[in-house]
Amino acid sequence: AVLSDLADKNAYFSQALKKAKAIQESKIFKMSFGNKANATMGIFALKNCHEWKDGREFTGDPNRPINITTNIPLKFDEE
């Protein structure tokens with residue numbers, strides 16, 4: 001929290017920190033998925049340091065829920 005405290009107090013430092021984090025995120029991604037570093041380590045670092053997430057998030061109007069329809073073929077035993 002020390003870095004974020006300094007960024008809150010100093011606009012120049014805040015910009016420098018944002019730029020450094022963007023560079024770090026880019027390098028972690030490129031190294032991890034370019035086979036120059038362990039991909040699992042890269043995923044872990046991106047999730048913990050750069051707010052990456054697994055999965056998908058669906059949001060919308062709470063008064064209009066998302067309707068999902070599936071077609072599942074039923075198989076009946078023929079007698």
- Query: What ranking, highest mean first, results for peptides 57-69, 4-16, 34-46 when packing means the other Cβ atoms within 10 Å averaged over each residue?
  - Reply: 34-46, 4-16, 57-69
- Item | Farthest positive-ward along the chain dipole, Cα basis, beta-carbon charges - from 66, 50, 26 | 26
- Nearest 20 debye, what's the magnitude of the dipole of the chain about its Cα centre given +1 on Lys and Arg Cβ and -1 on Asp and Glu Cβ? 780
- The lysines whose Cα lies under 28 Å from the Cα of residue 30, excluding any fewer than 8 residues away in the same chain, are 18, 19, 21, 47, 53
- Message: Quick check on the chain: helices-only [θ] at 222 nm, where DSSP H runs of length 4 and up contribute -39,500 (n - 2.57) each and the sum goes over total residues. Nearest 500, please.
- Response: -17000 deg cm²/dmol
- Which label belongs to the value computed from this structure, given these candidates for P(r) over Cα pairs in 10 Å bins from 0, in percent: (i) 15, 38, 18, 16, 12, 1; (ii) 14, 17, 15, 19, 17, 14, 2; (iii) 14, 24, 20, 20, 11, 6, 3, 1? (iii)
- Which whole-number percentage describes the relative contact order of the chain, with Cα contacts under 8 Å and a sequence gap of 6 or more? 14
- Task: Going by C-beta contacts inside 10 Å, put 72, 23, 28 in order with the fewest on the left.
- Result: 72, 23, 28
- Query: What is the sum of charges around residue 43, taking Lys and Arg as +1, Asp and Glu as -1, for the other residues whose C-beta is under 14 Å from the C-beta of residue 43?
  - Reply: 0
- Expressed in nanometres to one decimal, the distance between label points 7 Å along Cα→Cβ at residue 61 and residue 24 is 4.1
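Quick note: the coordinates plus some simple rules give every number you see, no bench work behind them. Computed from a prediction, not measured in an experiment: that's the story for all the values here. For neighbour counting, all protein chains shown are included, and Cβ atoms are generated from backbone atoms with ideal geometry for every residue, glycine included.
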